[in-house]
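Notes for the one structure printed next.
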């Protein structure tokens, strides 16, 4: 699986989010920014991302992910 494939899955599964994916083979770094995360705890944010990728994780296409999630406000405040 390629980073672009992971990005496509996330863009399809998480509406109105900005997605950046890097990595190769089955290890990826994922950054997602979107209002979908508003009001959620960190674990809940990651669960949203994992839910989109669950089939690929289950079949071994994706083995390891490093997920960072932010609302647009959180992303702006971090700078």
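No lab work stands behind these numbers, since they all come straight from the coordinates. All of these numbers come straight from a predicted model, not from anything done at the bench. Glycine gets a Cβ as well: all are built from the backbone with ideal geometry, and neighbour counts include every protein chain shown.
Assorted remarks:
- Residue 31 being free of Cβ contacts under 8 Å to residues at least 60 places away in the same chain and assigned to a strand (DSSP E or B): yes
- Residues being part of a strand (DSSP E or B), surrounded by fewer than 16 Cβ atoms within 10 Å (Cβ to Cβ) and touching a strand residue (DSSP E or B) at 6+ places or on another chain (Cβ under 6 Å) are entirely absent from the range 8-17.
- Residues located in the range 37-51, provided they are surrounded by fewer than 18 Cβ atoms within 10 Å (Cβ to Cβ) and farther than 17 Å from residue 63 by Cα: 38, 39, 40, 41, 42, 43, 44
- Subset of the range 43-79 that is assigned to a loop (DSSP other than H, G, I, E, B) and without any contact (Cβ under 8 Å) to a residue 12 or more places away in the chain - its residue that is farthest from residue 4 (Cα to Cα): 79
- Within the range 55-71, the set of residues being surrounded by 12 or more Cβ atoms within 10 Å (Cβ to Cβ) and either closer than 16 Å to residue 11 by Cβ or within 12 Å of the chain's Cα centre (by Cα) (or both) comprises 56, 62, 65, 67, 68, 69, 70.
- Residue 5 surrounded by fewer than 17 Cβ atoms within 10 Å (Cβ to Cβ) and part of a strand (DSSP E or B): no
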